[in-house]
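Visitor: Sharing a structure, written as structure tokens. Questions coming.
The values are calculated or read from the model by the stated rules, or taken from the named source; none is laboratory data. The structure displayed is predicted, hence computed values, not measured ones. When we count neighbours, we look across all protein chains shown, and the Cβ atoms used for this are built from the backbone with ideal geometry, even at glycine.
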Amino acid sequence: IKKITVSNIRKMKSENEKISCITAYDYTSAKILDQAGIDIVLVGDSLGMVMNGYENTIPVTLDEMIYHTKSVKRGLQRAFLVTDMPFGTYNVSHEKAIENCVRVIKESGAEAVKLEGGAEVAPLVERLVKSGINVMGHIGLMPQSVHVMGGYKIQGKDGSEKLAADAMALEKAGAFSIVVEGVVADTAKKITAAVSIPTIGIGAGVHCDGQVLVYHDVFGLFDDFTPKFVKRYANLKEVAVKAAENYVREVKSGVFPDGGHSF
Ligand code: KIV
Ligand code: NA
């Protein structure tokens, strides 16, 4: 198995190869994705919702990101590993932000960090890249700004200038790729054309250079809410509930464990 590096990911755009990315938060899930040949595994702060049951990503801490990333790392042989910097860990000062990103890279095994923001975070991205840290940008709908936005709102409806400028600022600062979230397809297409680094879309149409989805959405494990952009590739929750019901029935009736499962 050939390990995917940041240069492979950059090259995929120039060679017109689409980039696949799914999130993971633990060892077993990471192994599943790696075996399937996924290019990038993202330890997203979406873990706040799907792992912890929070309403949004705001409460997630740096320690929690590191904890989950370490587990994911052990499950990967091929995929490139990116970790989200959670809310508040890169907003206070450049010094504090660099310190926190260095900690993530040092302790978690992540090969890159992702942080939300456009042109306004470009100076920080530049300092991080100069410090030897791979940075993935994240523009469009930025879930860490949920309170400021007043909900999750589709972006880029009134043209592509601002978002394309954000993407170009991130590219100039040295980001190696950019997540484009919740953006109308035509605007995402223009953003993608404006930069030579790959755009990884989520709810941003087919013209991005790659796609990312949340693990629990892909496999049909999470049903608190289902955004329009989510495509379920399996219904594992249904399978798991049926299996658990079966187990309960067999335990109650004494069918399990039988001789074959006893010593
Ligand atoms: O937290 C996350 O899972 C993300 C992806 C959806 C891009 O940021
Ligand atoms: Na995120």
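Visitor: Please name all residue pairs, on different chains or six or more residues apart, with Cβ atoms under 7 Å, provided the first residue is in region 88-100 and is more than 18 Å from Ile58 (Cβ to Cβ) and touching a residue at least 24 places away in the same chain (Cβ under 8 Å) and the second residue is aliphatic (A, V, I, L, M) and outside any loop (DSSP other than H, G, I, E, B).
Guide: His94/Leu124; Ile98/Leu128
Visitor: For Phe176, work out the one condition from (1) over 27 Å from Asn56 (Cα atoms); (2) in contact (Cβ under 8 Å) with a residue 60 or more places away in the chain it doesn't fulfil.
Guide: Phe176 satisfies every listed condition except (1).
Visitor: In this structure, does Ile191 turn out to be under 15 Å from Leu141 (Cα atoms) and in contact with an Asp or Glu (Cβ under 9 Å, 6 or more places away or on another chain)? Steps first, answer last, please.
Guide: Values: under 15 Å from Leu141 (Cα atoms): yes; in contact with an Asp or Glu (Cβ under 9 Å, 6 or more places away or on another chain): yes.
Judged against the criteria, Ile191 is a match.
Visitor: For region 1-75, give me every one of the helices (runs of 4 or more DSSP H) that falls completely inside it and has 1 or more residues that are in contact with a His (Cβ under 7 Å, 6 or more places away or on another chain) and under 28 Å from Glu171 (Cα atoms). Step through it out loud before you land on a result.
Guide: Details: elements: 6-14, 27-36, 47-50, 62-74.
The helices (runs of 4 or more DSSP H) meeting that bar are 47-50.
Visitor: Does region 23-57 hold any residues that are among the aliphatic types (A, V, I, L, M) and farther than 18 Å from Phe225 by Cα, and which are they? If you could, list the steps in order and put the result at the bottom.
Guide: Filtering region 23-57 for residues among the aliphatic types (A, V, I, L, M) gives 24, 30, 32-33, 36, 38, 40-43, 47, 49-51.
Ala24, Ala30, Ile32, Leu33, Ala36, Ile38, Ile40, Val41, Leu42, Val43, listed by residue number.
Visitor: Right, another one. Anything in region 199-224 that is over 13 Å from Val183 (Cβ atoms) and in a loop (DSSP other than H, G, I, E, B)? List them, or say none.
Guide: Of everything in region 199-224, those that are over 13 Å from Val183 (Cβ atoms) and in a loop (DSSP other than H, G, I, E, B) turn out to be Asp209, Val214, Phe219, Gly220, Leu221, Phe222, Asp223, Asp224.
Visitor: Check whether at least one residue in region 142-154 is surrounded by 19 or more Cβ atoms within 10 Å (Cβ to Cβ), within 16 Å of ligand 2 (Cβ to nearest atom) and not in a helix (DSSP H, G or I), and report yes or no.
Guide: Initially, region 142-154 is screened for residues surrounded by 19 or more Cβ atoms within 10 Å (Cβ to Cβ), giving 142-144.
So of that shortlist, the ones also within 16 Å of ligand 2 (Cβ to nearest atom) come out as 142-144.
Filter once more, keeping what is not in a helix (DSSP H, G or I): 142.
Looking for residues that are surrounded by 19 or more Cβ atoms within 10 Å (Cβ to Cβ), within 16 Å of ligand 2 (Cβ to nearest atom) and not in a helix (DSSP H, G or I), one finds at least one in region 142-154, hence yes.
Visitor: Hey, among Asn91, Asn100, which residue is part of a loop (DSSP other than H, G, I, E, B), within 16 Å of ligand 2 (Cβ to nearest atom) and modelled with pLDDT of 95 or more? Step through it out loud before you land on a result.
Guide: Working: Asn100 fails: part of a loop (DSSP other than H, G, I, E, B).
Within the list Asn91, Asn100, the selection yields Asn91.
Visitor: Of the residues Asn52, Asn56, which is within 16 Å of ligand 1 (Cβ to nearest atom), loosely packed, with under 15 Cβ neighbours inside 10 Å and over 20 Å from Ser177 (Cβ atoms)? Walk me through it before giving the result.
Guide: On the way: Asn56 fails: loosely packed, with under 15 Cβ neighbours inside 10 Å.
Among Asn52, Asn56, only Asn52 is within 16 Å of ligand 1 (Cβ to nearest atom), loosely packed, with under 15 Cβ neighbours inside 10 Å and over 20 Å from Ser177 (Cβ atoms).
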